[in-house]
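Right, one structure below, let's go through it.
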Amino acid sequence: MGQHTFRSIEQAEVEGKRVLVRVDLNVPMRDGVITDTNRIDRVLPTIRSLAAAGAKVIILSHFGRPKGKRMPEMSLRPVAGKMDELLKSTSVTFVDECVGPEVEMAVNSLENGQVLFLENLRFHPEEEADDPEFAKRLARLGDIYVNDAFSSSHRANASIHAITSELPSYAGFLVAAEIAALSKALELPERPVAAVVGGAKVSTKISVLNNLAKKFDFLIIGGGMANTFLHAQGIDVGKSLCEADLANTALEITRTAKEAGCEILLPVDAVVAKEFRAGAQSEVCALDAVPGNSMILDVGPATVKALNAKIATCRTLLWNGPMGAFEIEPFGEGTFALAREAARLTKAGSLVTVAGGGDTVAALNAAGVGKDFTYVSTAGGAFLEWLEGKDLPGVVALRVT
């Protein structure tokens, strides 16, 4: 996917043009208050650049899962207010619909450099159905289309996919940065290249593991997923989370890796506890000595030491998923220690680090190194599908054929 070229907004003549910008502002909100502005912050460069170049900027986004019905608690009005506050250089006007006469009037009254924010696209069932007529109604509002919603680009929705048949389409700065970073890590990485793949279940990442096992030099498996691999090798994991029915799948992935010359690295020791709660009494034990009434909740110090030594030999590291139950103390230490070492190597200039996925971003932030990786993706599902080697409909639509 990295071998393709994309039209970037730097190539577009936007002065005086109506520019539709599709973003993903599905931000965390509690009682109408936004608790994390990261997704807004990441699209501001695109919006600022367009406004400064004299475009009439029209923002399109979804929010939550209203299932095609208008739901007041899923209105984008608070998000538009927050963007207005953060943008500073220009004001943001909100209109509580995304198609129709009221929107067309608001668009027609826009002056160069102004920003109009439209209501939740998913209030219309046609959005998620990739309905071509709905895409035409959206396209009527603009002269140019910009996709800056990488985290939604794995979905063939009307505002991401069908609309690109109606208007000249470009990649925004965030989408361009995501494509560049992921291509660098996945298609043309500096070797040796390692992937950290963690999280609870193998079942959600079978395709990812199979794809990476064929391409990478090292595959570091952690979290609950590692227990399934250990179980497949005949190791008793006690009461740990484990998908016993996927033992054969784990063995197949191991064979695929071996044939491709990829080394799989599993934990060599573990932090175990009898109950899964904050401050539970825990102990470190070797993997052949996990008590039958205990569960593995993190990797142990010997594993961290071995993995730190391994990533120090690498030039590129891709990270998706935590090594343990990092949300609950003290079971984040393995993830945090590995993340801090990866950040140190990145700062030293010896390692390119690319991370993505909601839990991963939360874990890196908890370790205090979210800003120290080379690139942290805003995407969850789209990031995983890219790692699986799939084409993302929203990205394919921007290719120059």
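The values are calculated or read from the model by the stated rules, or taken from the named source; none is laboratory data. Keep in mind that what you see is a predicted model, and the values were worked out from it rather than measured. Counting neighbours? That spans all protein chains shown, and the Cβs are built from the backbone with ideal geometry, glycine included.
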VAL57 in a helix (DSSP H, G or I), of a type outside the set (S, T, N, Q) and closer than 28 Å to PRO125 by Cβ:
no
For the subset of the stretch 41-54 comprising residues that are small (Gly, Ala, Ser) and assigned to a helix (DSSP H, G or I), which member is farthest from the chain's Cα centre (by Cα)?
ALA52
Within the stretch 220-241, how many residues are surrounded by fewer than 24 Cβ atoms within 10 Å (Cβ to Cβ) and either under 22 Å from the mean Cα position of the chain (by Cα) or not in a helix (DSSP H, G or I) (or both)?
10
Which ones in the stretch 120-151 are of a type in the set (S, T, N, Q), at pLDDT 95 or above and over 15 Å from LYS67 (Cβ atoms)?
ASN147
Residues of the stretch 177-197 satisfying the condition of being modelled with pLDDT of 95 or more and under 17 Å from the mean Cα position of the chain (by Cα)
ALA195, VAL196, VAL197
Residue list for the stretch 345-401, restricted to those being β-branched (Val, Ile, Thr), within 21 Å of ILE328 (Cα to Cα) and in a helix (DSSP H, G or I)
THR360, VAL361
Could you give me the residue pairs with C-beta distances under 8 Å whose first residue belongs to the stretch 240-265 and is within 18 Å of VAL208 (Cβ to Cβ), whose second residue is in a loop (DSSP other than H, G, I, E, B) and of a type in the set (Asp, Glu) wherever it lies, and which are 6+ apart or on separate chains?
CYS262/ASP217; GLU263/ASP217
Scan the strands (runs of 3 or more DSSP E) fully inside the stretch 248-344 and keep the ones with 1 or more residues being within 28 Å of GLU187 (Cα to Cα).
263-265, 316-320
Within the stretch 193-212, considering residues that are among the polar types (S, T, N, Q) and part of a helix (DSSP H, G or I), the one surrounded by the fewest Cβ atoms within 10 Å (Cβ to Cβ):
SER207
Run GLU190 past the list (1) within 21 Å of ILE311 (Cβ to Cβ); (2) among the acidic types (Asp, Glu); (3) outside any loop (DSSP other than H, G, I, E, B) and report the number of the one that doesn't hold.
(3)
Any pair with Cβ under 8 angstrom, 6 or more apart, that starts in the stretch 314-329 at a residue that is at positive phi and ends at one that is in a loop (DSSP other than H, G, I, E, B) and small (Gly, Ala, Ser):
GLY321/GLY198; GLY321/GLY199; GLY321/GLY222; GLY321/GLY357
Would you be able to tell me the number of residues in the stretch 272-300 that are more than 16 Å from CYS242 (Cβ to Cβ), surrounded by 15 or more Cβ atoms within 10 Å (Cβ to Cβ) and within 30 Å of the chain's Cα centre (by Cα)?
1
Which count do you get for residues in the stretch 7-54 that are closer than 20 Å to ALA397 by Cβ, in contact with a helix residue (DSSP H, G or I) (Cβ under 8 Å, 6 or more places away or on another chain) and surrounded by fewer than 17 Cβ atoms within 10 Å (Cβ to Cβ)?
1
Give LEU167, LEU141 a once-over and let me know the one that is assigned by TED's automatic domain parsing to the domain that holds LEU110, assigned to a loop (DSSP other than H, G, I, E, B) and in contact with a Cys (Cβ under 9 Å, 6 or more places away or on another chain).
LEU141
Is it true that some residue in the stretch 82-91 is assigned to a strand (DSSP E or B), in contact with a Lys or Arg (Cβ under 8 Å, 6 or more places away or on another chain) and over 20 Å from LYS67 (Cα atoms)?
no
So which residues in the stretch 259-270 are under 14 Å from LEU241 (Cβ atoms) and of a type in the set (A, V, I, L, M, F, W, C)?
ALA270
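Residues are listed down the side, and each one gets a yes or a no for (1) surrounded by 20 or more Cβ atoms within 10 Å (Cβ to Cβ); (2) touching a Lys or Arg at 6+ places or on another chain (Cβ under 7 Å):
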| site | (1), (2) |
| --- | --- |
| PRO330 | no, no |
| THR335 | yes, no |
| GLY349 | no, no |
| ASN365 | no, no |
| THR378 | yes, yes |
